[in-house]
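Here is the structure we will look at.
FYI, it's all coordinate maths here, none of it is from the lab. Predicted model only: the values in this text are computed from it and were never measured. We place every Cβ from the backbone using ideal geometry, glycine too, and count neighbours over all the protein chains shown.
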Amino acid sequence: MKIAHKRLRLLTATAMLGISSAALAQQATGPAETGSDEIIVTALKRSTNLQDTPISISAVTGESIANSGVQSIADLNSSIPSLTFEDGGPSNRRVVIRGIRAAGEPTVGTYYDETPVTGSIGAGNDSGGSTPELRLFDVERVEVLRGPQGTLYGSGSMGGTLRVIYQKPTFTSEGAVDVSLSDTRDGGLNYEGNAMVNVPIVEDKIAVRAVGFYRNANGYVDNTTLNIKNINDNKSYGGRFLVRLQPTEALTIDAAAYINRTRTDTNAWTLTSGKYNSDALTRQPVRDDLELYSLTANYDFGGVVLTGVVSYLDRDLDTVSDVSRFIRSTRTAAGCAARVSAGQPCSSTQLTDYYALVDSQSTSALFPQQTMKSWTAELRLSSDGSGPLNWTVGGFYSDRDTSVANPQSNADPVTGAIIEPQQIATVRFIDDSLRQVAAFGEFSYDVTDRLNLTVGGRYFRYDKDISGQTTIGSILVGAVVRPLSFVKSDEDGTAFKFNGSYKITDDVLFYAEAAQGFRPGGANQVIGLAQELTPYKSDSLWNYEVGLKNTLFDRRLFLNVDVFQIDWSDMQITGRTPNGAFSFITNAGKARVRGAELEATIRPAAGFTITGNASYIDAKLRENQANANVSAPGLKGDRIPYVPKFSAGIGAQYVWALTDNLSGLARIDGNTVGGSYSDFRPTGTFTRKVDSYQLVNARLGVEGPDSAWGAYLFVTNLLDDTAITRATSSAIAVGRTLVNSATPRTIGVNLRTKF
C-alpha cells in the first residue's frame, strides 16, 4: 500500500481538529434525522408523491447524495436499479438504463433542471458516449425514470430519463461549505472544496444563489513509456449562479448559469503493462469546457400552470488518442505493397520512401476538437393535480450544431505532447446539425378513487444535416482526400404511452404500461468506409411492464418491484471498418430485452435505514446483424455489449445520539456489477470480456444539531477492487487491451458546515 504514514497522520489530525473545533463552536439537541419518506417528484411534469407515481422511478434526495459522498451522476449506479455507466473516463461516459445501450444519439435523456443535454458527436458520430456531467453539490434530488419517456421527454429518452434538480434560490439567507482531503492508493493527495451562498435581494421578490467548486484529484495511472507518474491528474472547477424573481404569488422566474471546466488525461491503462500502467506513446489529454444558461418561467392561473423554458448549451471538448503503434505496425514490406503498389511487392525506392513516410508519423495521435452549440425551448400547460383529470400539453424545439476538426498530428517522442504548430498527417472536418420539433400531451383520469388510466402521445419531426470533407489524406490509415459532401436525414412520427394503475389498498399500487421510444438516424463521416458519408436509420422500441409499489408496516418498509420486456427495432450500434481501425454507427436489426427490478427501503429502528436494489437484464439480438461494412457482425442470441445480466446495490445508515450536543453517523454502501462483453460476438477479434466487480464505500462521522456541521472519515473502494468498467481493443491498439477502472482505495476526511 502506497499511502505514506505522514499522509495518514495529516488526514487523522485534520479530522480530529475539525471534530473538536466544530464541537466547541456549536450546540446540539440530538441526532439528525435521516430524512422524510415523503418524496415529491416532478417526473410527470407535475408534482406527485414518489410512491403514488405509477411508473418505474427512483429518487435520491440531496441529503442522501451528501451522506453517501456522491459527486457526479456516475456515482449513482449503486443506488438505482438498471442504471449503469459505460465509463471511458472523464467526459467520456455513456448513461444506460435497462440495457438500452447503443452508440449514436443518447438512449437516456439527461436533464439538468429543465434543460436536456447531450454529448458532442465526435469523430464517430457518437454523442451518447460523452454525456456532460455537472457537480452534484447543493442538489434537491435526482430522479431516474426507467423505461422510454418518449411522450414527455422525447428522443434520447428511449431507455429512460435522468433528471438532476438543483436547489433554487430562497428568500432567506443561508450558506454552506464542504471541503475534503483524501489520499488515493497508487496516487497521492486529493483536495476539493464546494461552497454555496444564498442571499435575498428584495424581500420575498428577488433572491440569488451562487455555488462554486474546485477539485484537484491526483492521478493513479503511470505512463511507463513516457516515464510520467500519475498521468491522469484531474482538475475541475466551476459553479452555478441562479436568480429567482417572484413579482407576484402566481409568477416565478428562474434564471441560471452553469459553468464547468475539466482538465485531465485519460485514465485508461494497458492490461498487459500491469495494473494502472499505460504504455501510450503520446499524452492523451482531455479539455472539456461547458457552459449552460437557462431561463424558466412558471405562471399559476389557478388550476392550470404555464411553464416556459429556454436554454443554451455551449461545449468545447478536445481529446487525444494515441495511434503511434498502429502507424508503426504498417512499417513492413507487406504494408507497402498493400498501400503503395496495389498488392505487388514494392521496389526498393518505393520501400525507402514508404518507410520514411511511416517514420515521419511514428509518434502521432488523433486530436479531435469539437464545438457544440445547442438551443432548446419548451412551452407547456399542466393541470395542478387537484381534479380527477390531470393533463400536460406542450411543444418542444431544439437546434444543435456541432463542428469537429479531427487531425492526425505528430507528437514529441520524449514528452508525448502534440507538437505545436501542428504537424498534420491527415485531417477531416465534420459539421452536424440536428433540429427537432415536437408537440406532446399526456392525460390521466381517475376513473374511481382507486383506478387511474393514462394515455400520452408525441408527434415529432427531426431534420439532420451532415457535411464532411477530408482535405489531407494518408495512405497509412486509409484516409482518401474527398471534397465537401452532404447528406440529409429527416423523419417524422409519433410515440405513444398507455398506462393503467390500481390501488389494491391505500398502501399497495399496481400499474401496467406500454410505452414507445425513438431516436433520430443520421450519417457517418468515417475513414475507411466505401462512401465518405454512410447513412444509418432511426431506431425505436416498445416497452411493456407491470409493477407493484408497496408501503408496508406503518411506512417502515417500501418495496417496489417490476418486470418488463423491450422490443427494439433497427437498433443503432457501433460497427468497425473492415481494417478494424475505426468505429462508426450502423443498424443491427432487432433486439429484445427482458428484465426485473427491485427497490427496497427498510427503517427497522429510529435513525437506522437500509436501502437495497437489484436488477436482472437479459438483452440479446433477435436476428443476425447483416452489414457488409462491419468486420465482426453480431448473430442472433448475442448479448448487447456492456450490459451485465445482474447488478445490485445495498446501503445502510445509522444516526444516533453521542451526547446531548453530538450525533454519530455511520454509513456503508456497496454494489456488485455482473460481467459483460465489449462487442456482440464473444469470439470476435477485438471483443473483450469485462469481468464482474464489487465496490464498497464507508463513512463515519459526527454531526451537530440538524446536521448544521459535520466531520467525517470516509473510504471509497474499501476493498481496493481493480473494478474494470470498460475494456476495448481495435486495430489501432495493435493487439493490446485498453481498460478503464474505478479509482483505487481512497481514504479521506470531509468537513462541512451550514450557516
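Counting other Cβ atoms within 10 Å, keep those with at most 16, restrict to DSSP loop, and tell me which chymotrypsin sites (Phe, Trp or Tyr not before Pro) in segment 166-268 are left. Passing both the DSSP loop test and the Cβ count: PHE171.
Counting only alpha carbon atoms, the long axis of helix 348-360 and the longest principal axis of the chain meet at about 20°. Cross-link partners of LYS636 among lysines, defined as those whose alpha carbon lies under 18 angstrom from its own and excluding same-chain residues fewer than eight positions apart: LYS590, LYS620, LYS645. Answer with one residue from SER382, LEU50, ILE73: the one whose Cα lies farthest towards the positive end of the charge dipole of the chain, charges on Cβ with Lys, Arg +1 and Asp, Glu -1. Of SER382, LEU50, ILE73, it is ILE73. Taking a sphere under 13 Å around the Cβ of ASN227 and counting the other residues whose Cβ falls inside, with K and R at +1 and D and E at -1, yields a net charge of 0.
Quote the charge dipole size of segment 653-715 about the Cα centre in Debye, to the nearest 20; the model charges only the Cβ of Lys and Arg (+1) and of Asp and Glu (-1). With only Lys, Arg, Asp and Glu charged at Cβ, the dipole is about 460 debye. Using amide H atoms built in the peptide plane, which far-off residues or other-chain residues are under 5 Å from GLY634 H to H? Distant-sequence amide H within range of GLY634: GLN625. For the chain, the longest principal axis of the alpha carbon atoms and the long axis of helix 5-25 meet at an angle near 30°. In order along segment 420-428, phi translates into HN-Hα couplings of 10, x, 5, 9, 9, 8, 7, 8, 9 Hz, rounded to whole numbers, per the Karplus curve 6.51 cos²θ - 1.76 cosθ + 1.60 with θ = phi - 60° and x for Gly and Pro. For ASP113, the amide hydrogen comes within under 5 Å of the amide hydrogens of VAL164, ILE165, TYR166, counting only partners 5 or more places away or on other chains and with H modelled in the peptide plane. Along segment 392-409 the Karplus relation, 6.51 cos²θ - 1.76 cosθ + 1.60 evaluated at θ = phi - 60°, assigns HN-Hα couplings of 9, 9, x, x, 9, 9, 9, 9, 10, 10, 10, 10, 10, 10, 10, x, 9, 10 Hz to successive residues, with x for each Gly and Pro.
Residue farthest toward the positive end of the dipole of the chain, with Cβ of Lys/Arg at +1 and Asp/Glu at -1: which of TRP709, ILE206, GLY104? Looking along the dipole axis, the top candidate is GLY104. Along the axis of the charge dipole computed for segment 130-177 (Cβ charges of +1 for Lys and Arg, -1 for Asp and Glu, origin at the Cα centre), the listed residues LEU145, THR131, GLN167 are led at the positive end by LEU145. Among the GluC sites (Glu not before Pro) in segment 136-244, those located in a DSSP loop and surrounded by at most 16 other Cβ atoms within 10 Å of their own Cβ are GLU203.
Taken about its Cα centre, the chain carries a charge dipole of about 1980 debye when Lys and Arg each add +1 at the Cβ and Asp and Glu each add -1 at the Cβ.
Centre-to-centre separation between the Cα atoms of segment 187-220 and those of segment 298-361: 37 Å. When only the Cβ of Lys, Arg, Asp and Glu is charged (+1, +1, -1, -1), the dipole of segment 254-348 relative to its Cα centre reaches about 880 debye. For segment 227-297, applying the loop criterion from DSSP together with a ceiling of 16 other beta carbons within 10 Å to the trypsin sites (Lys or Arg not before Pro) yields LYS229, LYS275. Once C-alpha pairs closer than 8 Å and six or more residues apart are averaged by separation and normalised to the residue number of segment 190-239, the relative contact order reads 33 percent. With θ taken as phi - 60° and the Karplus curve 6.51 cos²θ - 1.76 cosθ + 1.60 applied, the whole-hertz 3J(HN,Hα) list for segment 206-223 is 9, 9, 10, 9, 10, 10, x, 8, 8, 9, 10, 9, 5, x, 9, 9, 9, 8 Hz, x standing for glycine and proline.
The length gained by stretching the chain between SER173 and LYS229 to full extension, at 0.36 nm per residue less their Cα-Cα distance, is 15.6 nm.
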